[in-house]
Structures are given as structure tokens and as C-alpha cells.
Amino acid sequence: MIPYAQKRVPKWSETDSAQIIYTTRFVDYAMDALEGWFRDVLRVDWFRMNTELDMGTPFVKIEMDIKSPLTPHDELEVRVLVDRLGRSSLSFKVVGVRNGDQTSFESMFVCSMVKKSTMRSISIPDDLRKRIEDYMSACADNQPSMVDSA
């Protein structure tokens with residue numbers, strides 16, 4: 001699926017006293033989708049990247065706008081786009097879409113590719129860069145809009 005998306009139904013245990021999803025869970029939902037994107041699109045999960053490849057992707061910036069609340073009655077689709085590909089950094093736009101047509105949150109996540117043992121930035125490896133570029137191209141070719149209405 002282009003763009004990459006993860007579907008979920010929020011749980012009762014994720015709600016606060018107002019019976020809506022805790023604010024911090026929105027970041028968790030976005031991070032879960034990003035981890036899935038690395039695993040399914042780049043074909044390398046964060047655990048293997050860190051333990052076998054001596055690489056990591058610490059996040060250096062997160063911005064989020066919450067547009068509408070979520071409840072356990074909602075279905076959520078979290079969509080991932082690559083906004084910018086740098087030498088060692090990746091900027092993502094992650095959007096949560098509630099019940100198929102309403103934006104619940106919009107966010108930006110920026111990570112830096114590092115050599116884990118030194119925590120110094122490294123160039124994104126060529127094989128991963130190629131997959132990212134292919135994904136960006138496929139998303140650009142398949143873009144009327146990410147969300148129909150806000």
C-alpha cells in the first residue's frame with residue numbers, strides 16, 4: 001500500500017478520564033507506524049539495525065498537531081510519507097486518519113542515521129537510500145491527497 005499505513009483500533013486502556021485517547025499515545029501510534037515502515041519498506045527492523053548492523057536512527061525532532069480526538073470507537077490508519085531525504089537524515093510526515101476520512105493528527109519526525117557504537121552520523125547506506133527514493137517516487141506518483149477532509 002502506498003503510502004505505507006498501519007491500521008489499529010484504540011483500546012479502552014489508552015483513554016483518560018475524558019474518555020478520549022491520552023495525548024501521549026498519538027506519538028506512540030506514529031512511532032509504531034515508523035517502526036513498521038522501516039521493517040516493511042526498508043526491510044530492516046530497528047532491533048536488527050542496532051544489534052547486528054551497528055546503526056541506529058535516533059529521533060532528533062518531533063512536531064505534532066492534534067486535529068481531533070480519538071476514542072475506542074474509532075478506527076485509525078497511520079500513514080507514513082518521507083518528506084525529506086538528506087545525507088544522514090530522514091524527515092517523515094506521519095498522519096493519523098480517523099474512520100477513513102478525518103485527520104486526527106499530523107506530525108513530523110526527523111531521525112539521523114548513526115553508527116551506534118560511536119553515536120556519530122553516517123551516510124544512509126546506498127541500499128536503504130535506493131529503497132527510500134523508490135518509496136518517495138511511488139508516493140509522489142500516487143498522490144491526490146493523503147486525507148480527504150480535516
Please go through the range 49-99 and write out the GluC sites (Glu not before Pro) that DSSP classes as loop and that have at most 13 other C-beta atoms within 10 Å.
52, 75
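How high is the relative contact order of the range 4-137? Use alpha-carbon pairs under 8 Å, at least six apart in sequence, and give a whole percent.
Working: 249 pairs, mean separation 36.2, N = 134.
The value is 27 percent.
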Site residue 28, offset 7 angstrom along Cα→Cβ, radius 20 Å on amide nitrogen, limited to the range 99-114, gives 99, 104-109
Which of rounded, prolate, oblate describes the range 86-146, given a ≥ b ≥ c as roots of the alpha-carbon gyration tensor eigenvalues and a/c under 1.5 marking rounded, otherwise prolate only if a/b is larger than b/c?
oblate
Going down the table (7/61; 11/130; 93/130; 7/115), which pairs top 26 Å between alpha carbons?
11/130; 7/115
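Return the ratio Rg/(2.2 N^0.38 Å) for the chain, where Rg is computed over Cα atoms only. Please report the intermediate quantities before stating the final value.
Details: Rg = 15.9 Å, N = 150, 2.2 N^0.38 = 14.8 Å.
Dividing the Cα Rg of the chain by 2.2 N^0.38 Å gives 1.08.
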State the Cα centre-to-centre distance between the range 10-25 and the range 31-79 in whole Å.
19 Å
Would you calculate the separation in nanometres between label points at residue 99 and residue 62, each defined as 7 Å from the Cα along the Cα-to-beta-carbon direction?
2.7 nm
HN-Hα J in Hz across the range 121-138 - Karplus 6.51, -1.76, 1.60, θ = phi - 60°, x for Gly and Pro:
5, 10, 5, 5, x, 3, 5, 6, 4, 4, 5, 5, 4, 5, 5, 4, 5, 4
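The numbers here are math on the coordinates, done by the rules we state, and not lab data. Bear in mind the structure is a predicted one, so any value in this text is a computation, not a measurement. FYI the Cβ positions are ideal-geometry reconstructions off the backbone, even for glycines, and counts take in every protein chain you see.
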